[in-house]
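Below is one structure; the comments refer to it alone.
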Amino acid sequence: MIAAMSDAASHPSLLTVDLDAIAANYRLLSERLSPVPCAAVVKAGGYGLGLGPVARRLFQEGANDFFVATLDEGVALREILPQAEVHVLNGLLPGTEEIFNRHNLVPVLNDLGQIERWRRAAAERPLSAAIHLDTGMNRLGLGPDEQQRLAAAPDLLDGIHVRLWLSHFACADTPSHPLNAAQIADFRAVLARLPKAPVSLANSSGIFLGPEAHFDLGRPGVSLYGGAPNTESPNPLKQVVHLQGRILQVRQIDRGRTVGYGAGHLMTRSGRLATISLGYADGYLRYLSSRGRVFIGGREAPVVGRVSMDLISVDVTDVPEDDVLPGGLVEVIGPHQTIDDVAAAAGTIPYEILTSLGARYHRRYIGLAE
Ligand SMILES: *Cc1c(COP(=O)(O)O)cnc(C)c1O
């Protein structure tokens, strides 16, 4: 009992990650893709929710193909999942060939120079790779000129076992955007001129564009974690994150007084404020100053004034006093406001809300893999 109390006292705000919900989202995305298999993108530490717990649970759920961004993430994931296929999206930087090999990681080759270096590393035994063909992002991957050169000289791939031809949508979260169909057409055209191998295009929102976007492997990230695939239809995914801020103080404040740095909020009536233990250092974005809100017993309490590093103030005048007591918890993300809602209020996307979730929260997992 004492241990439980001191635990709560030393960890002011509470982040609960529902791995059962991630598993349910993986199943829903798999059904959408069926019969095409579903990979899992777990870059940035499982979109900020914890690489180990997230990856282990997805593997238990049947995911076998994983994608991370950086080589370090790949090495960390290899420790966690000795059996899985681990692809490193950011590519093969010079001098890292040996690390990829030692940890049995699959590089996503992003230009002809990377292909050439992997071919040399494959002189003794064939090595697996994914190859990224850029079809409209103009970010990573072989551009049109390099694609033509590769198609004209397939021996550039000698010794390389192409596990996957990969491309990435720029506008899949806007289903009606013409670039979606254009990317599919361009991808098909270049694939027809390259050696046969499995093909992957769709991220989370791409999966919801329908079968012509599915090819041989889906590659969702944000929708595993509850983020809406687009804003044009209701979000079919389960919420994964429950973030609760702890009430530190409740104070009475007179009409005419101001609140916080810069005197950013003027009290136009007398009322009560609660000071909550989270701020921009915890990823509660400063843009939410006078824009965010929390829920207490299902009632809304607006953020008033500026978000501080470690604190926010919320107006609880309209919340019953018994519901607002020091030590109590308020909902910051949860059933009354999803990561999509918080992202909209903060002028950003759920990806940034998730990957900003701070290191100071006490993290609790529901449904850890056995
Ligand atoms: C991040 C990423 C994904 C996953 O995208 P979501 O929109 O989160 O589903 C898939 N493919 C590539 C290349 C990525 O960088």
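The C-alpha atoms of the stretch 33-134 occupy a region whose extents along the principal axes are 36, 29, 25 Å, arranged from largest to smallest.
What percent does the relative contact order of the chain come to when contacts are Cα pairs within less than 8 Å and at least six residues apart? Relative contact order here is 19 percent. What you get for the stretch 157-285, charging only the Cβ of Lys and Arg (+1) and of Asp and Glu (-1), is a dipole of about 660 debye around the Cα centre.
Of all DSSP beta bridges confined to the chain, the antiparallel ones make up roughly 50%. Estimated purely from DSSP H runs of n ≥ 4, each contributing -39500 (n - 2.57), the mean residue ellipticity at 222 nm for the chain is -8000 deg cm²/dmol once divided by its residues.
Highest-first packing order for the peptide set 154-162, 129-137 is 129-137, 154-162, based on the mean count of other beta carbon atoms within 10 Å. Packing, taken as the mean count of other beta carbons within 10 Å per residue, orders the peptides 349-357, 184-192 from highest to lowest as 349-357, 184-192. Taking Lys and Arg as +1 and Asp and Glu as -1, the other residues whose beta-carbon sits under 14 Å from that of residue 310 total +3.
Within the stretch 270-368, the percentage of alpha carbon pairs spaced more than 18 angstrom apart rounds to 46%. First select every other residue whose beta carbon is under 13 angstrom from the beta carbon of residue 94; then total the charges, Lys and Arg +1, Asp and Glu -1. Around residue 94, the surrounding residues sum to -2. Charge tally for residue 273 (other residues, Cβ to Cβ under 10 Å; Lys, Arg +1; Asp, Glu -1): +2. Counted over all Cα-Cα pairs of the chain, pairs farther apart than 34 Å make up 37 percent. When only C-alpha pairs under 8 Å and at least 6 residues apart count, what is the relative contact order of the stretch 4-116, in percent? Taking the mean separation of contacting Cα pairs over the length of the stretch 4-116, I get 18 percent. Normalised by 2.2 N^0.38 Å, where N is the number of residues, the C-alpha radius of gyration of the stretch 105-156 stands at 1.13. Helix 112-121 and the longest principal axis of the C-alpha atoms of the chain enclose an angle of approximately 70°. Distances between placed amide hydrogens fall under 5 Å for residue 169 paired with 203, all partners being 5 or more residues away or on another chain. Taking the C-alpha atoms only, the angle from helix 71-80 to the longest principal axis of the chain is near 80 degrees. A simple packing score, the average count of other Cβ atoms within 10 Å per residue, orders the peptides 200-208, 253-261, 212-220, 333-341 as 200-208, 212-220, 333-341, 253-261, with the highest score first.
Using the alpha-carbon positions of the stretch 163-302, Rg (one decimal) and Dmax (whole number) come out as 23.4, 74 Å. Equivalent-ellipsoid semi-axes for the stretch 210-280 (Cα gyration tensor, √(5λ), whole Å, largest first): 45, 14, 11. Spatially, the stretch 146-193 and the stretch 262-334 are offset by 48 Å when compared through their Cα centroids.
The eigenvalues of the Cα gyration tensor, multiplied by 5 and square-rooted, give the stretch 310-369 an equivalent ellipsoid with semi-axes of 23, 18, 12 Å from largest to smallest.
Quick note: the coordinates plus some simple rules give every number you see, no bench work behind them. Everything numeric in this text was worked out from a predicted model, so none of it was measured. Neighbour counts run over all protein chains shown; Cβ positions are idealised from the backbone, glycine included.
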